[in-house]
Structure formats: structure tokens, C-alpha cells
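Input: a single structure, listed below in C-alpha cells.
The values are calculated or read from the model by the stated rules, or taken from the named source; none is laboratory data. All values reported here derive from a predicted model rather than from experimental measurement. Positions of Cβ are generated from backbone atoms using ideal geometry, with glycine treated the same way; all protein chains shown enter the neighbour counts. These area figures cover heavy atoms from the full protein model, side chains too; ligands, DNA and RNA do not enter into them. Shrake-Rupley method; radii C 1.70, N 1.55, O 1.52, S 1.80 Å.
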Amino acid sequence: MTDPEKTEHSGASYSETAYRSDALPRQAPLSDPGGFARALEGMNFVERLPTGSYAGLDIDVDPDAVEHFQDRAHGGMNLAGPPWNHICKPSNLMKTRWELILLIASSMIDTVMFGFIVASFLLTFVLVILAIGFLGAVQKIAWPLAILISLRLFFKYPFVWYLERNPEVMVRDLGCGFFRTAGKIKFRTYWGKETFEAPFIEFDPYIAYHVQPNGPVSYKLVLRHRYRGRQTEVATVPQGRKIELYAVWDQLQRYMDVSQPLPDIPALEAYRSLDPTTAAYDAAGKRGRPADYWVTLDLDWWKREGYPEHMKKIAEFPWDSLEDKMEDSVPNLREAAMA
């Protein structure tokens, strides 16, 4: 694994604009557009989440994240684009065309999805036999099936081999992300042709819902700039996993809050000694874990016992009991917020 001490991010200092939950400045009140306009603009918003109080429960510790981290730590995988570190959590890196390519690739690589596609082909083959006979069916189905199998072999082997060694071809770095040391957020606007940047404390977190065309509901964590109305999506989960968005927000806040140590997750373990607050926290013995905890973690135990217990804590935590410190910072936040 690359030694972070030797990267350009060899240290960190906090700017005056860095987010500190224990020192929130007084901010301007919201411009209240009125009940009807607020309901129309925020019709998909389910609830606004509290800011500045934490459960200390992280979300990016699932077994896949731990396994990928351990693989990278032993030199088995390259990172696509800038890594998440003690200075910035990058975002909006994937080129749009690659999102479509990876969607196709995943359907070809995934055994269940590919099996469903093959089963559909075989069913079609039987129906064509009944309509035009066996030889005619072979002529109609043979080439599409051969192409399908070729695509699976291509995406599963040479495609994966190439991307593991050249991940940079997929990404376009526009300098967007969540900047811990500066206390800023920068993201691409809806059309992706320009960016928007503002202090972290000027964003309000909402859970919104989205109904898919075929019916299922998904929930997403959205950060909305309270004075300009610009917003960015942080995470999306299926309907039954809405509770996870509370942990997503809890983890993101603590990452941005320089009065708090970095979240104790695999992606950030190598950078803990480079962040002043985190280094002091660990030096005082408050972490309670070895410096290489995630590198040496027993993955089988984590899958079997550790992670299920962690998710149980997330599900059972009284999230509605957390204090919203932002309401003391913004005079009319409760009355004029979107939800």
C-alpha cells in the first residue's frame, strides 16, 4: 500500500472556514417562500436530519469495503482517481459513458444476472423451435447466444484485467468533493457543465424519496444549500434500508468536523496519523484499536459476527434523539426549512 507520508498530502492544517460543531457561527436566516412554495419545491423531502450531534456509527465498514481495502493494502488493486484521505473525499469522478459500460459489464459478470439472461435466451429458443422448427431456431439464436457468451468472457477477464491496471481511464477529476480541512463542498450542477462550491455549514441534510418507473421506492440523502437552493445527492438506498442514511450522514458529518477524529473506517486508516485532531485522539489512546486494525482484521469473523452486530447498532440507535445544533445557528431554520 502506498505510504501516505510520501504523498502530496503529507500533512494537514485546518483553515478558519473548517467546520467545527462545537463552534458554529451565527448565520443568516432563511428566506421563507411560504408554505405552498416550500411544499412544492420540497415535495419529495421526507425529513430534515439534525446537524452537529453524533452517534459515532460508521457506514463504510461493510465486508466488501474491508476486503477491497485489505487487497489494496497488499498491493493487489489500484485506486481509480484520488483516494479518500484526511483532506478531501472526492466525488463525481466517474465519466458518464463509463457508468453505462460498467452497468453492462456488471450484468455480464454477475452469475445470477447472466443466468437470467441465458434462461431468457433458452426460453426464446424453445418458442422459436415451436414456430419455425429446430434448424430455423438454431440459425436465429446461435449468433446472438455466441455474442452473449463472448461478452461475458470479455468483461470477466480482459476487461477487468485492464481496469485493475488502468483505473484512471474511467474517471474525470473536476476537483469536486467534501473538503475537511477547508470546510467546503464542491459538486457538479445538474447538467455537469459547471460546479457549485459553498461552506459545509450552509447545507441542510434531507432524506428524500424517489419512485422508480416500475414501482419500487428508494431513499436518498440530499444536501441542499439553504440560501441558493442548489443540492447534491450523497447516497441512495432501497426502501427497506432507509435507516442506513442516518449512519451515512453521521459519518460524513464527523469526517467534515475537525473537532472530531476521522471516522474509523478502512478507507481512512492510513491517514489517521496525518490529521491533527485524529492523531491527538489516537495518541491519547482513545481509539482503542491498533493502528493497523482494518488491515489485519479477521474478515471471516467480521462477515459472520462483527458486521451484523454493527448494523444492529445502526438499526437500534435512537436517531431522533440527536440534538440539532444548526437550529441554534440559523434563527428560523425550523420554521423555514423544506421539511
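If Q251 satisfies every condition in (1) over 29 Å from H74 (Cα atoms); (2) at pLDDT 95 or above; (3) buried (at least 18 other Cβ atoms within 10 Å of the Cβ) but one, which is the exception?
(1)
I'm trying to understand the selection: among the residues of the stretch 298-315, which are over 22 Å from the mean Cα position of the chain (by Cα) and within 23 Å of E244 (Cα to Cα)? Can you show your working first?
Step one: list which residues in the stretch 298-315 are over 22 Å from the mean Cα position of the chain (by Cα), which gives 298, 300-301, 304-305.
Selection gives D300, W301, R304, E305.
For the stretch 259-271, enumerate the residues that are open to solvent by 10 Å² or more (accessible area, probe 1.4 Å) and not aromatic (F, W, Y). So that I can check it myself, show each step before the final result.
Narrowing the stretch 259-271 to residues open to solvent by 10 Å² or more (accessible area, probe 1.4 Å): 259-261, 264, 267, 269-271.
Of everything in the stretch 259-271, those that are open to solvent by 10 Å² or more (accessible area, probe 1.4 Å) and not aromatic (F, W, Y) turn out to be S259, Q260, P261, D264, A267, E269, A270.
Picking from Y281, Y227, which residue would you name as being within 22 Å of L322 (Cβ to Cβ) and open to solvent by 60 Å² or more (accessible area, probe 1.4 Å)?
Working: Y227 fails: within 22 Å of L322 (Cβ to Cβ).
The conditions single out Y281.
For D58, only one of the following conditions fails: (1) of a type outside the set (S, T, N, Q); (2) modelled with pLDDT of 95 or more; (3) not in a loop (DSSP other than H, G, I, E, B). What is its number?
With respect to (1) of a type outside the set (S, T, N, Q); (2) modelled with pLDDT of 95 or more; (3) not in a loop (DSSP other than H, G, I, E, B), D58 is out only on (3).
Looking at the stretch 257-280, is at least one residue under 19 Å from the mean Cα position of the chain (by Cα), closer than 22 Å to D58 by Cβ and basic (K, R)?
no
Here is a yes/no grid of residues against (1) more than 20 Å from W249 (Cα to Cα); (2) in contact (Cβ under 8 Å) with a residue 24 or more places away in the chain:
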residue: L297; (1), (2): yes, yes
residue: K303; (1), (2): yes, yes
residue: H310; (1), (2): no, yes
residue: K313; (1), (2): no, yes
residue: P318; (1), (2): no, no
residue: D324; (1), (2): no, yes
residue: E327; (1), (2): no, no
residue: P331; (1), (2): yes, yes
residue: M338; (1), (2): no, yes
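Name the pairs: first residue in the stretch 205-231 and part of a loop (DSSP other than H, G, I, E, B), second residue among the polar types (S, T, N, Q) and at pLDDT below 95, Cβ to Cβ under 8 Å, at least 6 apart or on different chains?
Q212/S218; P216/Q239; Y227/S31; R230/T189
Tally up the residues in the stretch 156-173 that are at pLDDT below 75, part of a helix (DSSP H, G or I) and not charged (D, E, K, R), please.
Of all residues in the stretch 156-173, those at pLDDT below 75 come to 163-173.
Restricting the remaining residues to those that are part of a helix (DSSP H, G or I) gives 163-165, 167-170.
Now drop any that are not not charged (D, E, K, R), which leaves 163, 167, 169-170.
The total comes to 4.
State which residue is farthest from P199 (Cα to Cα) when the search covers only the stretch 71-106 and only residues that are at pLDDT below 90, touching a helix residue (DSSP H, G or I) at 6+ places or on another chain (Cβ under 7 Å) and open to solvent by 30 Å² or more (accessible area, probe 1.4 Å).
Per the stated criteria, the residue is M77.
Could you look through the stretch 141-164, keep only residues that are exposed (fewer than 15 other Cβ atoms within 10 Å of the Cβ) and more than 38 Å from the chain's Cα centre (by Cα), and pick out the one that is nearest to L102 (Cα to Cα)?
W143
Return the only residue of E335, E316 being under 17 Å from T51 (Cβ atoms) and surrounded by fewer than 13 Cβ atoms within 10 Å (Cβ to Cβ). It would help to see each step written out before you state the result.
On the way: E316 fails: under 17 Å from T51 (Cβ atoms).
Sole residue among the options that is under 17 Å from T51 (Cβ atoms) and surrounded by fewer than 13 Cβ atoms within 10 Å (Cβ to Cβ): E335.
Output the residue which, of all residues in the stretch 10-44 that are out of contact with any Gly (no Cβ under 9 Å at 6 or more places or on another chain) and open to solvent by less than 30 Å² (accessible area, probe 1.4 Å), is modelled with the highest pLDDT.
Here is the first cut: in the stretch 10-44, the ones out of contact with any Gly (no Cβ under 9 Å at 6 or more places or on another chain) are 10-13, 23, 25-40, 42-44.
Imposing the further condition that a residue be open to solvent by less than 30 Å² (accessible area, probe 1.4 Å) reduces the set to 12, 27, 30, 34, 42.
Numbers: A12: 71, Q27: 95, L30: 87, G34: 67, G42: 66.
Residue satisfying both the conditions and the ranking: Q27.
A198 is checked against (1) among the aliphatic types (A, V, I, L, M); (2) surrounded by fewer than 15 Cβ atoms within 10 Å (Cβ to Cβ); (3) closer than 22 Å to R334 by Cα and fails just one. What number does that condition carry?
Against the list (1) among the aliphatic types (A, V, I, L, M); (2) surrounded by fewer than 15 Cβ atoms within 10 Å (Cβ to Cβ); (3) closer than 22 Å to R334 by Cα, A198 comes up short only on (2).
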